[in-house]
Amino acid sequence: MKKTLFILSAITVFACNKEEEKPKDFASLSGTITNQNSDSISIRNRDFSKTIKVNEDGTFSDTLKVTPGIYSFFDGAESTNIYLKNGYDIKVTLDTKMFDETVAYTGEGAEHSNFLAQKNLKEEKLLDIDALSKIDDSTALASTFNKIKDELVSFYQSNTKVDTTLINNALKNVDPMLRSYQGYILSKISLRKELPKGSPSPVFENYENHAGGTTSLSDLKGKYVYVDVWATWCGPCKAEIPFLKDVEKKYHDKNIEFVSISIDDAKRSGGGSMEKAKEKWQNMVTEKQLGGIQLISDKNWASDFVQAYKINGIPRFILIDPDGNIVSPDAPRPSSDALIELFNELNI
């Protein structure tokens, strides 16, 4: 009997051990966010979405049943990529003041997410639009992109402990990504050649002013003019608004005017009515307390000024000098440090 009981006990212990060895059918995710932007974060991809509460001290914790893959980690203002798989136990730390630079992962499976974070920083550093935009020769640009490709491929292949699907995807996407960037920079080079610095700027005349009456570029002669071409439906345009407000505040007593030109139209903004489009523009200017000179163009995308500056995507920023000549047909965005550098070069 004792022998039988011993065997049964052994079987029970073995069964328990087997149960303990059974892999978890969920991923554990926890962490701490410094200077949090929201009271929650969201983890999502095309087939999955979950919101996780963030405590007042910035901590959070939850479990997620996931399919192995890359997910977006969104804190209410910015996002980063995280690789999740059932069985992983990942801890995240980040400071939103330096979001991409501080996000870090520890715990089971963290190496894959750290690769994604480092990959993002590497690509962001090498594909600096402001720096690349200073290249004026297509041959030099091609040479620069060849060097960027070599450095990225070397970086991807050096991460031997990372899931091979992540490495293979990075290698697969590097050429399309670089072609897209190179094409964008080439368009900037072409634009500068067609609208060179120092040449007379195309003009706008009698654009409706939100404050009343109309305004023309000639009314602003004697000052630098920083033009923002935007629309109420444009997400990237609206993302620049806080930065534009800060720049306007910093330069409010300088020799420069900040002009925002809306290209809202009947089809995209007004549901078929230009009257509704204008109303939408007027309401947004008022509600968001937009500063500077707020104008709406006369013929939207077809306006002479928009066409002359070859604008086919927004936002577009333009800088014109006090004599009405072009400084830059594609000036840095308000969110870019390069804009203040340009203003300093011009002693504005």
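The figures follow:
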read-out	value
Exclusive hit being assigned to a helix (DSSP H, G or I), under 23 Å from the mean Cα position of the chain (by Cα) and free of Cβ contacts under 8 Å to residues at least 12 places away in the same chain, set Lys172, Lys188, Lys193	Lys172
Within segment 123-157, considering residues that are aliphatic (A, V, I, L, M) and not in a helix (DSSP H, G or I), the one least open to solvent (accessible area, probe 1.4 Å)	Leu127
Cross-chain or 6+ apart pairs with Cβ under 8 Å, segment 54-67 first and in the same structural domain as Ile33 (by the TED database), then surrounded by fewer than 16 Cβ atoms within 10 Å (Cβ to Cβ) and acidic (Asp, Glu)	Val54/Asp39; Lys65/Asp25; Thr67/Asp47
Of all residues making up segment 73-99, the number that are in a strand (DSSP E or B), surrounded by fewer than 17 Cβ atoms within 10 Å (Cβ to Cβ), touching a residue at least 24 places away in the same chain (Cβ under 8 Å) and in contact with a Phe, Trp or Tyr (Cβ under 9 Å, 6 or more places away or on another chain)	2
Segment 158-172: number of residues that are open to solvent by less than 60 Å² (accessible area, probe 1.4 Å) and out of contact with any His (no Cβ under 8 Å at 6 or more places or on another chain)	4
Output for segment 104-157, where each listed residue is more than 27 Å from Leu339 (Cβ to Cβ) and of a type in the set (S, T, N, Q)	Thr106, Ser113, Asn114, Gln118, Thr139, Ser143, Asn146, Ser154, Gln157
Filter result (free of Cβ contacts under 8 Å to residues at least 40 places away in the same chain and open to solvent by 70 Å² or more (accessible area, probe 1.4 Å)) within segment 31-53	Asp39, Arg44, Arg46, Asp47, Ser49, Thr51, Lys53
Strands (runs of 3 or more DSSP E) enclosed by segment 20-72 - at least 3 residues per element that are in contact with a Gly (Cβ under 9 Å, 6 or more places away or on another chain)	27-34, 40-45, 59-64
Every residue from segment 54-72 that is open to solvent by 40 Å² or more (accessible area, probe 1.4 Å) and within 14 Å of Ser113 (Cβ to Cβ)	Pro68, Ile70
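The values are calculated or read from the model by the stated rules, or taken from the named source; none is laboratory data. The model shown is predicted, which means the values in this text are computed figures rather than measured ones. So basically every Cβ, Gly included, is an ideal-geometry build from the backbone, and we count neighbours across all protein chains shown. Each accessible area value is taken on the protein alone, full model and side chains, heavy atoms only, with ligands, DNA and RNA left out. Shrake-Rupley method; radii C 1.70, N 1.55, O 1.52, S 1.80 Å.
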